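Asker: Below is a structure I'd like to ask you about.
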Amino acid sequence: MDHPPDPNEKPKRRPRYSGKNPRKFHEKYKELNPGRYGQHLEKVLERGATPVGTHRPICVEEILRILNPQAGETGVDATLGFGGHSSHILPKLLPGGRLVALDQDPIERPKAEARLRQSGVPESALLIGGINFSEMKSFLQVSQISKVDFILADLGISSMQMDDPTRGFSFKVESSLDLRMNPLVGISAADLLAQIGVNELEAILIENSDEPRARVIAKALVAKRPRSTLQTTQVLREVMAGFSKQTQNEQGDTPIRRVFQALRIAVNNEFGSLDQFLNDIPEVLNPGGRVAILSFHSGEDRRVKKSFQAFERARVYRKVSPEFLRPSPEEQRSNSRSKSAKLRWAVT
Ligand SMILES: C[S@@+](CC[C@H](N)C(=O)[O-])C[C@H]1O[C@@H](n2cnc3c(N)ncnc32)[C@H](O)[C@@H]1O
């Protein structure tokens, strides 16, 4: 019979795997078993990694300073994720306030909602929307919320999505090549690669990840098709092995990382959703409203910067951040996934 792990029990010797490395999720990630591997969890945090199945919110202090959530106010967390930022914001809205938390991921969203509700927030203080943030404006209208006081967006994918070996977000793990945050919408990256032509794929690689060898890579991926479909992360990795590290950019991104990023942005229509969201923000903010956006690559940051500046010129935003903010050196050291984050803000 199964029994709960004893926190004082010494870690057992490493289980024997059939190969050199663990293949299964639970074999690979000891931190899934924190009782047995308590010390391991500390080591994961010490080396700046994120325990699997969790997500560490980035720039929390900076975001709280910018958004300055007050009791009785209504705000939007457009990217709920693990609920990290929401869990810091919610208590500040009580009594009387409300947080609208959105996420398009039907797999992780219910878990985040359960965690937040278990923390004892009043039922009425949290409204969850299983939608794309490009639909924020109509969601607020339908929910009879005319204006809000602040909006937060922490773009991209969560660590839980990245670590889940069934979803295809990580090229390091064998899985089907899906890459959708909402697997119920659109087509998978595997299906996209099965249909796309060289020119279109080249354009996606340039637009979504500034890939310098976009044409050669697009040709190599399309040439693979008659012999094998690019259905798994493994097959894509094999094709990309020929391009390995030849063209690292200044962030140390390798071609395979850029190809995954470009495909992810394409199948989720990330730029289209972000453009719509950025356009709608001023319409739903009260006068004196605050918005903060964390982005993780140049394509996102460019859009946020341009939108903020255009609305400032049109005197819709009274003030915008003159430059982006970065996580402190200490945060970058303690959470390696925060390293590429850029934070911008604006005030109506
Ligand atoms: C970086 S994580 C957010 C983490 C969160 N701030 C926290 O502290 O736990 C980004 C989340 O936003 C969601 N997301 C990304 N783009 C979205 C969009 N266009 N609409 C709705 N949700 C989106 C992803 O599914 C993911 O869960």
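Please treat every number below as a calculation from the coordinates, not as lab data. Computed from a predicted structure; not experimentally measured. Cβ placement follows ideal geometry from the backbone for every residue including glycine, while neighbour counts extend to all protein chains displayed.
Asker: Tell me, what are the semi-axes, in whole angstrom and largest first, of the equivalent ellipsoid of segment 276-348 as set by the roots of 5 times the Cα gyration tensor eigenvalues? Can you show the working numbers first?
Answerer: Numbers: eigenvalues 123, 29, 21 Å².
Output for segment 276-348: semi-axes of 25, 12, 10 Å.
Asker: Oh, and also: Would you mind checking the pairs LYS137/LYS172; LYS111/LYS172; LYS92/LYS342 and listing those with alpha carbons more than 30 angstrom apart? Could the numbers behind the result be given before it?
Answerer: Values: LYS137/LYS172 37 Å; LYS111/LYS172 25 Å; LYS92/LYS342 24 Å.
Distance filter (> 30 Å) returns LYS137/LYS172.
Asker: Which value in nm describes the separation of the simple spin-label points at ASP275 and SER336, placed 7 Å from the Cα toward the beta carbon?
Answerer: Between ASP275 and SER336, the simple spin-label model gives 3.5 nm.
Asker: Follow-up question, since we're still on this one. With a 10 Å Cβ neighbour count serving as the proxy for reagent exposure, in which order, fewest first, do MET240, MET162 appear? Display every interim value, and only then the final one.
Answerer: On the way: MET240 20, MET162 17.
Listing MET240, MET162 from fewest to most nearby Cβ atoms yields MET162, MET240.
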